[in-house]
Amino acid sequence: MPGRCPDTCDLKPVDNSNRIAWFLGLASFALIVGILRFAEDVLVPVAFAVLLAFLLTPLVVRLTRWGLPKALAIILTVTVAFATIGGIGWLVTTQAVSLVRELPNYEENLRQKIAALKQRPETPTAMTRMSGMVENLRREIKSAAPDEPVTTPEPGVEKPVPVELKETESTPWELARGMVKPILRPLGLAAIVIVFVVAMLFQREDLRGRFFKMVSAGKLNVATQAMDDAATRVSRYLGMQLIVNASYGIPIGVGVWLIGIPNAPLWGLLATLLRFIPFIGPWIAAIFPVVLSVAVDPGWTMLLYTLALFVVMELISNNIIEIVLYGASTGISNLALLIAAVFWTWLWGPAGLVLSTPLTVCLLVLGNHVPGMGFLSMLLGSQPALEPPAHFYQRMLSMESEDMLDLASTYISEHSVEEFYEVIFVPALLMSEEDRHSSSLSEVRQRFIFQSGRELIEELERHDEIARVEAAGGSASIDTIDTKSSSGPAHPMVLGLAARDEADEIVGLMLCHLLRRRGIRAAMNPLSGTLDEPLAALAHGQIILAFVSAIPPSAVTAARHMCRRVRLQSPSSPLIVGIWSHGAPLAEITQRLVTHRPTAVVDLLSNAVTQIEAIVRRHEASVTVAESPNSTAAEREGPDQGVGPSVGPAVTAEPRS
């Protein structure tokens, strides 16, 4: 047909931009890892030099501010720093040499323990019987295997001559080179690090400016914040870890000295230094004194004491000292630290393990300040990836009612029930309503969210009732508390009306709970019930006021329909309208509802509680004055003002800051 588009017109072009971006990102990562692995000999000294420059820069700046020339301050700082490192190395070396000299004295103890372990017990144990069974099976299999055929060499074929390889004697030069080479490499790396540190300190301002020019892309403010943040985090991490390590190594040294293990200063110093290596450093430090305790002591008592010392110190350091001093100093999650330690160790060996945490801190800083690398902050940071309302909504979607209760209890223990409802529960319910009305929420999850929401509110009311009973000197349990009876008589003081569906009803139940906590009888009219009887009670004054609960989307329209029904039967009763949408233009919403004359329009549960409580207290005061025989007519009329209907514009409750 003319004008008809061919079938190919219906085909949409495939968007490969995401695939290309993923491929380029993966290729870039592989290229960077390859460069880091290939250039290890160059990059490792540079990384150590940058780390030391970070640490020594504050001291150099302080000395220059005191009046020392820059060159003298740098030379003095570098000399003191590397003299301290050399002194520690000398102390470790002398203690190690002393230990090597004493080891032959413990040979007899080791021989006796090995001989004791080799002795077979008179009664065979399960392990002995199992090893005997394995040995018998091995012999049976070997005997059942077919014999190898005997090959006869063919005539005229010569039998191969066996070749024996003999090692040639090494020359003195080769022996000297083999002994010196393992020493020259660390000394060479140390010399390179010293040269780099001195150069970086002398050209600190120039390097800083070049770095800003390279990474800022014209945004000097962002680059400066990133540089300062990295320096602060690394310095704080190393300083806090030094305190933690010293508080761990000093007791270890004193403890092994009291136990009787020789060279106690060596083990305390090694415990302090090796703890800079994440995760495995303390256990490496524990190996040496544990093995030495076996050699020194003829029995096993010293071994048990040594193991107990390290276990107790690990528990104290991990659960008390690190939490107080070191736990939040880097902002990196423990899992990210573990993965980083494995990754950098794979790249650069032991040097990478030592540098893993400072390098990961720098990556985290890049993720915090560079927009294109925000994924690093999400992957490495210790801050929760989801906001509290989103986390609670995710538990709703997972249909984990116990997790929902645990999250609620944890938040309430730190804040309050009011804040949990207002800051966590209502925003999470808003998210679910947005997904439900966009048809992206399954029916099963909808039913679970509504049912679990009601059950959670009932559970929190039970906890309140238990606390009230215990405060009065009684005893109660969750199973014996009935929250259904907490609303009081058949006609409550405050009636809640859901504007449209179950989500509106759940927020209304939250408001009723908060009102009952203040001694106000409140109840929600069920969605399955009729409105005629409760509205008649409202019109005859048996119910003081009503509130309408409406949650977006389409909250205002649903609230208008409900307000119209209330005003048709009860034109003069107080009416509070709650549009539970944070950040909504409340003045505009109030203007749309003004024809139905609500007493107040609110968007927060706290504001609704304030408005309702004020009206109820005024009503109670007016009833008290009216029942008093000595009250005058003016006194009886005074408190009633403001309780009746709103005949003018609606009173708007502005949200609290």
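Here are the numbers:
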quantity	calculated
Heavy atoms of I412: accessible area, 1.4 Å probe, square angstrom to 10	40 Å²
Spin-label model distance (nm) - L397 vs R592, 7 Å beyond Cα toward Cβ	2.7 nm
Extension gain from V294 to R517, taking 0.36 nm per residue of separation minus the Cα-Cα distance	73.7 nm
Rg/Rg_globular for the range 375-443, with Rg_globular taken as 2.2 N^0.38 Å and Rg from C-alpha atoms	1.22
FRET efficiency estimate (nearest 0.05) - Cβ-Cβ, D406 to L207, R0 51 angstrom	0.50
S573, S416, reordered so the largest accessible area comes first (probe 1.4 Å)	S416, S573
Where labels lie 7 Å past Cα in the beta-carbon direction, separation of S554 and A190 in nm	7.8 nm
Zero-based 5 Å bins, Cα pair distances in the range 234-305, whole percents	3, 18, 26, 22, 14, 8, 4, 2, 1, 0
E458 accessible area, 1.4 Å probe, all protein chains in place, Å² to nearest 10	50 Å²
Cα-based shape type of the range 36-112, given that a ≥ b ≥ c are square roots of the gyration tensor eigenvalues and the cut on a/c is 1.5	oblate
Cα centroid separation - the range 518-562 against the range 567-607, whole Å	12 Å
J(HN,Hα) series, the range 69-76, from Karplus relation 6.51 cos²θ - 1.76 cosθ + 1.60, nearest Hz, glycine and proline x	x, 4, 4, 5, 5, 5, 4, 5
Approximate spin-label separation T64-F343, in nm, with each point projected 7 Å along Cα-to-Cβ	3.4 nm
Additional length obtainable on full extension of the chain from I35 to I88, 0.36 nm per residue less Cα span	15.7 nm
Surface accessible to a 1.4 Å probe, M378 within the full protein complex, Å²	130 Å²
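The values are calculated or read from the model by the stated rules, or taken from the named source; none is laboratory data. Note that the structure is a prediction, hence the values are computed from the model and not measured. In this analysis, Cβ positions are derived from the backbone assuming ideal geometry, glycine residues included, and neighbour counts consider all displayed protein chains. These area figures cover heavy atoms from the full protein model, side chains too; ligands, DNA and RNA do not enter into them. Shrake-Rupley method; radii C 1.70, N 1.55, O 1.52, S 1.80 Å.
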